[in-house]
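Let me begin by presenting the structure, written as structure tokens, before commenting on it.
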Amino acid sequence: MLKRTLFLALFLAAFVIGGIQVVVPVSAGQVTVQSSNTQASVTVHILDAYYTDADDDGREDDVVAYFDIHLDGARRYNMDIYPALTLPSGTSYLYGYTINTRLSDLHCIMYFYNHATESGNYTFSVDVVLYTGGVAGGQIQHVFDPPGGSGDADPCGALEVTA
């Protein structure tokens with residue numbers, strides 16, 4: 001929770017100081033942000049998130065989340081993405097990745113191993129900060145409800161990105 005709060009505080013400070021332009025969500029499960037000089041834009045679309053036994057340890061205590069990233073307006077893109085999972089208790093797990101690419105469409109799968117340990121609503125979110133053509137950022141969330149948890153291993157995360 002502290003890492004996420006710190007990230008959001010820095011993000012808001014950059015917004016006030018650097019003139020970040022944030023575009024509000026255009027539909028449920030999707031957000032588009034555009035650089036301050038309109039050179040580039042990024043759209044993040046959450047497709048699904050659910051619990052399963054992704055690490056094959058016999059416990060359905062893992063969360064798998066699917067999201068797409070669409071980039072437009074430039075030859076090369078530089079961005080940070082921060083997939084996060086917030087448990088019903090408010091405990092939050094935030095992971096950070098830097099992506100530099102020439103591709104316009106990325107298909108992402110985020111694995112949260114050993115995270116689904118509580119009953120109730122979970123929130124999967126993706127914060128994105130685009131550095132191409134200025135700085136722009138936004139966040140999208142998806143709420144889902146796994147039936148409970150049973151794991152006792154330390155949580156860890158992994159991101160898989162394909163074109």
Subject >> Distance between modelled label sites at residue 47 and residue 145, nm, 7 Å Cα→Cβ extension >> reply: 2.5 nm
**OP:** Enter the mean projected area of the convex hull around the alpha-carbon atoms of region 53-95, in nm², rounded to one decimal.
**Re:** 4.8 nm²
Original post:
With r defined as the distance between the Cβ atoms of residue 59 and residue 104 and R0 fixed at 45 Å, what FRET efficiency is calculated, to the nearest 0.05?
Top reply: 0.75
Original post:
Taking Cα centroids, how far is region 90-135 from region 45-81 in Å?
Top reply: 7 Å
Original post:
Across region 87-93, in residue order, what do the Karplus-derived ³J(HN,Hα) couplings come to in whole Hz, using 6.51 cos²θ - 1.76 cosθ + 1.60 with θ = phi - 60° and x for Gly and Pro?
Top reply: 7, x, 6, x, 4, 10, 10
Original post:
How far, in nm, would the chain grow between residue 74 and residue 123 when pulled straight, counting 0.36 nm per residue and subtracting the alpha carbon separation?
Top reply: 14.5 nm
Original post:
Counting Lys and Arg as +1 and Asp and Glu as -1, each charge on the Cβ, what is the dipole of region 63-127 about the Cα centre in debye, to the nearest 20?
Top reply: 220 debye
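Average projected area of the Cα convex hull of region 82-150, in nm²? Kindly include the intermediate steps, with their values, before the conclusion.
On the way: hull surface 21.6 nm².
Dividing the Cα hull surface by four gives the mean projection, 5.4 nm².
Throughout, read-outs are computed from the coordinates displayed, never taken from laboratory work. Keep in mind that this is a model prediction, so the values were computed, not measured. So basically every Cβ, Gly included, is an ideal-geometry build from the backbone, and we count neighbours across all protein chains shown.
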